[in-house]
Amino acid sequence: MTTAYLKLSLIASLLALAGCSSAPSQPKINQLHNEVGKLSKEMRQLTRQASALEQQGHLNSGTAQGAWLLPLANTGVILKSQAGDLKLSLSHVQSEANGTRATLDIRATGDATLPSFSAEVEWGELDSATGQPLSISSMSQKIEVASTLLPRSQVSVPLRLSNLSPEQLGYVRVHDVVVTPPAAAVSMP
């Protein structure tokens, strides 16, 4: 964020200098205006991301019942679960015909191999006034990670988050992680 502030300050200074010169070049002034516009857009995006990151931290600090991911925060979270510590993040959030498609990246954070597990994934909108999840419009699905997760390895689980566009998608919550028992060996007579 500091780099963007420095760039914005530099561009503002250049605009001020361009205004002081006796014969400013119109193409240079237009270029500077374009740069200021781009930097202003970047600053708005960084401000939205910082606000979402703060909200994500607030949601995760108030519960031990899962992990909240806000797509705008674009930052992973740690979920302490029955299977072990998992670092969760969202990637490739895109629009599709019936809502949103995304990838839930799950990484084993410790030095131990994690067993296969299942979890509930809930998604929905955030109240625009309070920033709190709107449970009335939430939906959920069960996911399964069928193989063990080696230390510091990652698995990507595709998600289909129906009924909400990426712009409407306020949160994804992962909870109720349950270790899947190993398949019983079948003995032949």
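The dipole here belongs to region 39-189: it is taken about the Cα centre, uses +1 on the Cβ of Lys and Arg and -1 on the Cβ of Asp and Glu, and is about 240 debye.
Going by amide H atoms built from the backbone, whose H comes under 5 Å of the H on Thr100, apart from near neighbours? It is Leu161, Ser162, Asn163, Leu164, by chain and number.
If I compute solvent accessible area with a 1.4 Å probe over the protein chains, what percent of it on region 76-189 is carbon and sulfur? Don't skip to the answer; put the middle values down first.
Details: 3390 of 6430 Å².
Taking all protein chains in place, region 76-189 shows 53 percent carbon and sulfur surface.
Couplings 3J(HN,Hα) of region 104-110, computed from phi: 9, 8, 10, 10, 6, 8, x Hz, in residue order, whole Hz [Karplus 6.51 cos²θ - 1.76 cosθ + 1.60, θ = phi - 60°; x for Gly and Pro]. Calculated on C-alpha atoms, the gyration radius of region 80-130 divided by its Kirkwood radius gives an Rg/Rh of 1.07.
When ranked by the protection proxy of mean other Cβ atoms within 10 Å per residue, highest first, what sequence do the peptides 100-109, 173-182 form? It would help to have the intermediate numbers written out before the result.
Working: 100-109: 19.6, 173-182: 15.4.
Highest mean packing first, the order is 100-109, 173-182.
Counting only Cα atoms, the size of region 75-189 along its three principal axes is 61, 33, 23 Å, in decreasing order.
Summed over the residues of region 46-189 and divided among them, the accessible surface reaches 56 Å² per residue at a probe radius of 1.4 Å.
The values are calculated or read from the model by the stated rules, or taken from the named source; none is laboratory data. Nothing here was measured: the structure is a model prediction, and the numbers come from that model. So basically every Cβ, Gly included, is an ideal-geometry build from the backbone, and we count neighbours across all protein chains shown. Only protein heavy atoms, including side chains, enter the accessible area calculation; ligands, DNA and RNA are left aside. Shrake-Rupley method; radii C 1.70, N 1.55, O 1.52, S 1.80 Å.
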